[in-house]
Structure formats: structure tokens, C-alpha cells
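What follows is a short report on a single structure.
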Amino acid sequence: MALFAGIDREHVIAGLRWIGATLKVLFVTVGSIVAVVFASLIISIIQFQLRLSEARTQNGNITLESVALIADYQDYVSNHYKTLRTKAETLEQLRSDYQNKLNSAAQLIASLCTSINAEKADACNRQLQTLINNSNTQVDSVLAQYRIGDASPSDMVAAMTKALKDIISSGSLQTAYSDFLSTQQSVRSQCRMLTQFVSERYSTTSLLGVSPELRMTITVQCSEGGLVGTPTMQLQSVQATANGPNQAMADEQAPRGNDVSGVNRILLSELVFYYRFYDWLTSFMGANVRQFILSPPEFIVILLVIATGMLGSFLYNSYVMFVAKSRDDYPTFAAIMLRATLAVMCALVIYILSRTGFVAITDGSQRGNETVISPFVIAFISVAAGLLAESALERIRAIGLNALSSTRQNNEEQQPDPRASGG
């Protein structure tokens, strides 16, 4: 007690009021954010369902499972293309390494043969190339055939001869080319598979599973002049053994997806984008979200009405707090909760009236004989009902009175006149 003896009662009350006002602002802010996120998610779900329905009108084979297959197929091709690019970078390094070693060996042989006997340099060159290709280190015997005179070779010739022997004994040139060929075979195998997967022969996958830009990129890069080209400068006995990348193996077949011909490509791309988002959401929030996404359209729309109606009530309370002259003018927690309840009920009743024809909120578009209700229009009307709950309530009361009056009048007109029957 002695600890609080010096604290003024008014300061305590003011502090409690400040805490209460802060909690009210925090409650309304968090509620508004939750309502916005939830409403946005529901609108996207409705848009996804509408696009899926539109795609089904273009082709009855389109289902959520077929969209999932197309998304998986895109990932499959994309992953293989990434693998191709990684191997292609390695192939390019091996090509450059082999080409440098080949050029160095060719320059060394040319310099050595020219230094020994310039007139017979070509013949000397061919024999030394044969030694390299056969891994034969008998360089001295070949050079002896072309050496002029019996004089000892100069230091430069001796150094070049030793360097050539080292290249032959180490087998570095053959190893470099062997590594290049094995990697080239792997790249070509990857190219052969990818070019089959994006081939125009597979219309269901090539037109919808993979973009035309990626198809063209794969086709160009997998050509002989692209990723898998063989170095043009080679020693005579070194020959490429790989088959061309465009030669399809007869026993290989690209996976086929559902027949989705006739479906707008942009529409299908949007469906895939939606599916990827919801697949991520399902993996993040649990499998129950998937069932929520596949809920009946009317149930989803009602959830949208509830969320946006509550959003309208939070919008109203946010405005009231914003224009309030002091924190004492903030609505109470009870008023905030009751306003949210009233807003949801008004928004739901307005939606029910719209479905009965008393309020028109359709977007005017038609799919067959079915009237499509725009989720954005529904959201706006529901927000307006939550924001203007008093006016919405008066509107509902007026419509109800008119409906009851019309019903009573119709009943009275249908009842026979007792005086007429008595006469």
C-alpha cells in the first residue's frame, strides 16, 4: 500500500483509459487486416473456380487434376532444362579446355617440325599427330627422319621435343577429349528427351505444358551449332561418336497429359498460377485448406459475404476512431462486437435478397443459362452493408414491408367475398 500511496487516482484512471483505447485500436486494426486477407483469399478462390468452370466449357476434360498434371509437367520440363543448362556449362568448360590443349599441341608440333625441316614440315606434322593419337612416345625416331645433318638438336628443339613427349605420356589431350565426349553424350541425351517432350507431335503437352519461348530455346540450344556442337579443330584420329541430338529413340515416349486442346492458353496459364498458389497454401496450412478450396461455390460466396460484411464494420469503426476528438469518444468493445454482428447479418440478408431478385448485383455476363455473380460486386455490396448497417437495415425493413404487404393483398384478392356467396 505504501508503494501506491503517492500515485494520483486520476493518473491511474487516465492510464487505464489509454490502455483501453490502445487495445481498441489494436483490435480494430488486427480485425481489419484479417478480414482483408480472408476476403482476398476467398475472392481468389471464386475467381479460380470461375476460370476452371470456363475452361470446362471449352473442353470437358479440364479438371483440377488435369491442371495439377500440367503444373507438374511444367516443373518436370523446367527441372530437366535446368539440369541441361548445368551440364551445358560443364560441357563448355571441357570444350574450351580441350580446344586450348589441342591448339597448344598443334602449335608445338608445327613449330618443332618447322625448326627441324621446314620443307617437309607437313609430313612431319602428320606423323607426330599419329603418335599423339596412338599414345606413342617414339618422337625421337620420327624427328630423326626429318633432321638435316648430324648436328645435335638445339636447346629449343630439345625443349619442344620433351614437351611433346610429356603431352603424349600424360595422355592429357585424350583425357580432355574423352571427358568432353562423355559430357556431350549426357547433354545430348538430355536434349533428346527435352526435344521429345516439347515436340509439336505431342500437341497436348507442347501447346499447353511448355511455353513457346522455352520450346524455341530448347530447339535452338540443342541443335548441332548450339550446346552440343563438337570442336571443329581435331587431330586426325579423334572422331566424335555421339548421335545427333534430334534423333529420337524409337522406344522413348514423352509423357502425355490430358487432352486440353481448344482451351485458351492464357486461361490455362492462369489456372496453373492459381493451382501453384493453392498448392503452396495447402502445404503451408494443411490438407484441410484443399477441401476448403473445393467447397461448393455458394458456400464460398457466403463466406465472402461474411468476411466483407465484417470488413465493412471494421471500416466504420476505424473511421469513427479516426475522426474522434478524444479517446473517450471511441466505441466500446461491446459496440464494436455488436456492430460486426449486425454488419454480417445485414450483408447476408442483402445477399439473400439479391438471390431472390429484389436487389440486382450480377455482372451481366452469362455462361449458358446461368447468371454469373461477380465476386467483386458481392464484396462491394457486403462492405457497404457493413459500413452502412443502419441504412441497410432500413432498406431490408422496407423491402420486407413491401413483400408482406404484397402477400397480404394477394391473399385478400384470392379470398371469396362472403356477401356475394350469401346473396
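So the values come out like this:
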item	result
Yes/no for V12 being closer than 30 Å to F277 by Cα and among the aliphatic types (A, V, I, L, M)	no
Flag for S318 being under 37 Å from the mean Cα position of the chain (by Cα) and outside any helix (DSSP H, G or I)	no
Unique match (being touching a Leu at 6+ places or on another chain (Cβ under 7 Å), modelled with pLDDT under 85 and more than 30 Å from L311 (Cβ to Cβ)) among I70, I7	I70
Members of the range 296-331 that are in contact (Cβ under 8 Å) with a residue 24 or more places away in the chain and of a type in the set (S, T, Y)	T308, S313, Y316, S318, Y330
Index of the failed condition, S354 passing every other in (1) in a helix (DSSP H, G or I); (2) at pLDDT below 85; (3) surrounded by fewer than 18 Cβ atoms within 10 Å (Cβ to Cβ); (4) in the same structural domain as S374 (by TED's automatic domain parsing)	(3)
Only listed residue being in the same structural domain as F376 (by TED's automatic domain parsing), under 30 Å from T219 (Cβ atoms) and of a type outside the set (D, E, K, R), chosen from A71, A88, A55	A55
Qualifying residue in the range 334-349 (condition: within 30 Å of G15 (Cβ to Cβ) and touching a residue at least 60 places away in the same chain (Cβ under 8 Å))	yes
Boolean, A334 is in contact with a helix residue (DSSP H, G or I) (Cβ under 6 Å, 6 or more places away or on another chain) and either modelled with pLDDT of 90 or more or within 14 Å of A384 (Cα to Cα) (or both)	no
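Here's the yes/no breakdown for (1) of a type in the set (A, V, I, L, M); (2) more than 30 Å from G309 (Cα to Cα); (3) within 33 Å of the chain's Cα centre (by Cα); (4) crowded, with 19+ Cβ neighbours inside 10 Å:
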residue: G60; (1), (2), (3), (4): no, yes, yes, no
residue: E65; (1), (2), (3), (4): no, yes, yes, no
residue: Y76; (1), (2), (3), (4): no, yes, yes, no
residue: Y98; (1), (2), (3), (4): no, yes, no, yes
residue: N134; (1), (2), (3), (4): no, yes, no, no
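The values are calculated or read from the model by the stated rules, or taken from the named source; none is laboratory data. Only a predicted model underlies this, so the values are computations on that prediction, with no experimental measurement involved. Cβ coordinates were reconstructed from backbone atoms using ideal geometry, including for glycine residues, and neighbour counts include every protein chain displayed.
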